[in-house]
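The values are calculated or read from the model by the stated rules, or taken from the named source; none is laboratory data. Since we're looking at a predicted model, the values are computed, not measured. Neighbour counts run over all protein chains shown; Cβ positions are idealised from the backbone, glycine included. Please note that ligands, DNA and RNA were not included when accessible areas were found on the heavy atoms of the full protein model with its side chains. Shrake-Rupley method; radii C 1.70, N 1.55, O 1.52, S 1.80 Å.
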Amino acid sequence: TDWQENRVHQFTVLGSHDRVIVCAKSTIDVHPRRWRLAELADSLPIVQLDHRCQDYLLPHGPVQFDPRLEQFARETGLTTEKSLSKVLSAVMVSASQLPASEQMALHDCNEVPEVLTKGLAGAEDNARVALSLLRLLGIPARYVSGYLFSRQDIEYDSLVWLDAFTPSLGWVGIDPTLGRQTDESHIATSIG
């Protein structure tokens, strides 16, 4: 596994080829989680963070700090809140408070300032804004991509969400697009 807990395999193609075909099968074990966000007793600020969490506090890649996020955090009381569970719950549903936009294509890699100006266009925007907000508040957070499984329709929808670090439980999944904790229907394929 790599340092972000993804299972990594490597293969090399030697010589010239006109195509490479990769066939893959997956078996997914589903284990319902036994924790509830409201039951977390962790407080803020998180003072004892392992060096492995430091990268998840920095603004880089899709995570960007914007003065409007700071203003939002102040206006909603997130900067003074001491309960980690309350902050995670608020960030999980805060995306619904931002305007939605049809102007941006869902496949575009919208930057956080652009999302805050034009509005949300999809799950990736929700995750980027929530990641940026959590890291701004000093809570380690990481991007997760995968699928949302529905037993009723036997189908998979691609989705992104995030994991936030808690001292008592480790990484916990929150889905700002659906405004809920992740559960056995969230199937992660990549974390980082």
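Structural remarks
- When the chain is reduced to its Cα atoms, the Kirkwood hydrodynamic radius in Å: 18.0 Å
- If the convex hull is drawn through the Cα atoms of region 134-192, its volume per residue in Å³: 86 Å³
- Considering only the chain, percent of DSSP beta bridges that pair antiparallel, nearest 5: 95 percent
- Choice from Gly15, Gly170, Gly119 showing the highest fluctuation, given a GNM over the chain with Cα pairs closer than 10 Å: Gly15
- The chain - mean residue ellipticity at 222 nm from DSSP helices (-39,500 (n - 2.57) per run, n ≥ 4, rounded to 500): -6500 deg cm²/dmol
- Reference-scaled alpha-carbon Rg (2.2 N^0.38 Å with N residues) for region 1-86: 1.76
- Extending 7 Å from Cα along the Cβ direction at Arg68 and again at Thr12 yields two label points whose distance is 4.8 nm.
- Relative contact order %, the chain, counting alpha carbon pairs below 8 Å whose residues are six or more apart: 24 percent
- With protein chains left intact and a 1.4 Å probe, residues in the chain average 62 Å² of accessible area per residue.
- Hz values of 3J(HN,Hα) by residue in region 36-49 - Karplus curve (6.51, -1.76, 1.60), Gly and Pro given as x: 10, 4, 5, 7, 5, 9, 5, 10, 10, x, 7, 9, 10, 9
- Using a probe of 1.4 Å, the accessible surface attributed to Ser132 totals some 0 Å² when neighbouring protein chains are kept in position.
- For region 19-27, putting each phi into the Karplus relation 6.51 cos²θ - 1.76 cosθ + 1.60 with θ = phi - 60° gives couplings of 6, 10, 10, 10, 10, 9, 10, 10, 10 Hz, in residue order, rounded to whole numbers and with x for Gly and Pro.
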